[in-house]
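Working notes, beginning with the structure itself.
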Amino acid sequence: MRMGKTGFGARDRWFLLLLGAIYMFNFIDRTIIAVVGEAIRHDLQLSDLQLGMLGGLAFSLFYAALGIPLARLAERYSRVRIIAAVTVLWSFMTALSGAAGSYLQLLLCRMGVGVGEAGFTPALVSMISDRFDPARRAVVFSLIALGVPLGGAIAAIGGGAIAQHFGWRLALLAVGAPGLLLALLLFLTIPEPVRTDAGDRADTPPFGAVLRRLGRSPAFLHLTFGSGFVGMVGFGTNLFLIPLLVRRYDLPLAQAGMVFALSFSLATMVGQVSGGYLIGGLIRRDMRWGGRAPAIAVGLALPLYLLAIHQSDWRWLVGFLFLATTLLYAFIPAIMTITQSLVEPRMRASAAALHSFGQTVAGLGLGSVVLGYLSDRLAAFLYAGDYAADCLTSATARPAAACLAASADGLQLSMQVAASVLLLAVVHYMLAAKSLPREANAS
């Protein structure tokens with residue numbers, strides 16, 4: 001295949017562009033609840049715990065549970081068709097969320113989004129592993145994963161503006177529809193990559209064999225735990241940053257979305273690209289850098305994150321959070337590709353699903369719920385009165401000043417407390433570094 005100036009041929013560039021666009025809308029549909037969540041909270045009179053369940057637990061339980069069986073399908077059948085089908089499903093369920101008439105209906109729609117998105121990442125990682133050589137996989141996945149920060153920025157800016165001027169329901173409908181067209185383009189233009197192993201479907205190892213293989217892999221387990229703890233802070237920030245900006249700094253949704261795009265989405269993009277290129281060179285010299293580099297980055301990110309959340313001026317928050325997020329997300333996509341070097345080809349999709357399972361359950365599921373619970377409890381502690389009765393069941397369109405101050409302080413403190421789990425991520429990444437050379441060479 002002829003290579004262009006970028007190092008990729010025309011077909012590979014289209015692969016990167018289209019899969020990056022699908023990944024972008026994957027993340028838009030996942031994160032749009034974070035953007036319009038404060039508007040939904042006021043409209044449906046929800047607590048932060050309910051918002052955490054809506055934005056995290058409802059999505060992540062189905063995402064994580066179905067990711068594994070869908071990954072098993074990806075090891076036997078066309079990954080292109082699987083990605084096209086799940087893209088249609090999650091896009092439709094996002095659009096349908098805009099018609100939800102109650103919290104329960106919205107919760108069920110978010111579960112449907114999780115079902116759809118569960119099949120995407122394992123199939124994608126498996127396709128990358130078969131289409132590109134090992135030295136380029138981290139770069140390829142990091143480039144495609146640029147869809148995550150781009151999606152976050154588009155959801156924050158566009159979704160915030162639509163929600164502010166036309167309501168949160170139209171915002172959900174607007175971001176759900178484009179995925180249907182992208183699924184059709186994928187089905188029509190991307191061929192199924194030839195698998196690098198010579199076996200057929202019958203040669204796919206049983207799932208029990210995959211579990212035994214990964215259960216005996218300290219590197220895989222520590223990388224997954226480390227990414228899970230990073231996810232608790234990252235997903236929690238993603239879900240609750242805009243509510244914090246609205247409550248603490250009195251920013252309108254459109255401006256809060258812009259701040260989110262600058263301090264979180266743009267920083268994630270910078271981190272992923274630089275980290276993807278950097279770690280590729282480092283692990284060619286010494287595989288232990290696959291654990292060391294994330295540990296160093298997360299260790300540096302922790303104090304910057306605490307400084308950011310503590311700021312009384314949102315402009316300082318933008319600066320510190322930009323630096324913290326750049327470091328926090330520098331190596332997350334690369335870690336996914338590193339785990340692929342620990343297993344045989346027919347186990348790759350399952351390994352990716354299990355890694356995503358740990359990261360999603362700990363990060364998006366438990367993290368968002370714990371953060372929401374802490375926020376409610378701390379707000380109730382700081383409020384002089386009955387917080388639940390006065391602030392969560394009021395029929396007024398905007399909470400009283402005392403309620404708003406308590407909810408802002410409670411959320412700010414809960415985000416600072418939750419950040420302490422990054423210390424556990426550093427420990428797990430350093431432990432993974434010890435095992436990576438031996439395990440990667442043995443695979």
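The values are calculated or read from the model by the stated rules, or taken from the named source; none is laboratory data. Note that the structure is a prediction, hence the values are computed from the model and not measured. Here Cβ is always computed from backbone atoms with ideal geometry, including for glycine, and neighbour counts include all displayed protein chains.
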So how many residues does the range 83-138 have that are among the aromatic types (Phe, Trp, Tyr) and closer than 20 Å to Arg72 by Cβ? 2
Among the candidates Arg76, Arg11, Arg30, Arg72, single out the residue that is basic (Lys, Arg) and without any contact (Cβ under 8 Å) to a residue 24 or more places away in the chain. Arg11
Give Gly116, Gly179, Gly160, Gly152 a once-over and let me know the one that is closer than 30 Å to Phe322 by Cβ, in a helix (DSSP H, G or I) and touching a Leu at 6+ places or on another chain (Cβ under 6 Å). Gly160
Can you tell me which residues in the range 119-131 are outside any loop (DSSP other than H, G, I, E, B) and not hydroxyl-bearing (Ser, Thr, Tyr)? Phe120, Pro122, Ala123, Leu124, Val125, Met127, Ile128, Asp130, Arg131
Residues of the range 225-248 classified as more than 22 Å from Leu51 (Cα to Cα) and either acidic (Asp, Glu) or buried (at least 24 other Cβ atoms within 10 Å of the Cβ) (or both), total: 2
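Conditions (1) modelled with pLDDT under 90; (2) more than 30 Å from Pro437 (Cβ to Cβ); (3) surrounded by fewer than 22 Cβ atoms within 10 Å (Cβ to Cβ), marked per residue:
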site	(1), (2), (3)
Gly291	yes, no, no
Ala295	no, no, yes
Val298	no, no, no
Tyr305	no, yes, no
Ala308	no, yes, no
Ser312	yes, yes, yes
Leu321	no, yes, no
Pro333	yes, no, no
Condition check: over 26 Å from Leu241 (Cα atoms), modelled with pLDDT under 85, of a type outside the set (Lys, Arg) and crowded, with 21+ Cβ neighbours inside 10 Å. Does Ala353 satisfy that? yes
Looking at Leu424, Leu411 in this structure, which one is assigned to a helix (DSSP H, G or I) and surrounded by fewer than 22 Cβ atoms within 10 Å (Cβ to Cβ)? Leu424
It is to be established whether one or more residues within the range 371-394 are part of a helix (DSSP H, G or I), under 26 Å from Phe220 (Cβ atoms) and either among the β-branched types (Val, Ile, Thr) or in contact with a Leu (Cβ under 6 Å, 6 or more places away or on another chain) (or both). no
Only one residue in Leu251, Leu266 is in contact with a Leu (Cβ under 9 Å, 6 or more places away or on another chain) and surrounded by fewer than 24 Cβ atoms within 10 Å (Cβ to Cβ), so which one is that? Leu251
Hits in the range 319-333 (condition: of a type in the set (Gly, Ala, Ser) and in a helix (DSSP H, G or I)): Gly319, Ala324
Mind checking whether some residue in the range 375-396 is among the β-branched types (Val, Ile, Thr) and either at pLDDT 90 or above or surrounded by fewer than 22 Cβ atoms within 10 Å (Cβ to Cβ) (or both)? yes
Within the range 40-54, which residues are over 15 Å from Ile242 (Cα atoms) and acidic (Asp, Glu)? Asp43
Can we say Ser274 is closer than 26 Å to Ala138 by Cα, touching a residue at least 24 places away in the same chain (Cβ under 8 Å), of a type in the set (Ser, Thr, Tyr) and surrounded by fewer than 24 Cβ atoms within 10 Å (Cβ to Cβ)? yes
Per the filter on the range 130-146, residues among the acidic types (Asp, Glu) and either touching a Pro at 6+ places or on another chain (Cβ under 9 Å) or crowded, with 17+ Cβ neighbours inside 10 Å (or both) are Asp130
Pairs needed: first member in the range 179-207, closer than 23 Å to Ser341 by Cβ; second member anywhere, at pLDDT 70 or above and of a type in the set (D, E, K, R); C-beta distance under 6 Å; at least 6 residues apart or different chains. Pro193/Asp130; Pro193/Arg131; Arg195/Asp130; Thr196/Asp130; Thr204/Glu75; Thr204/Arg76
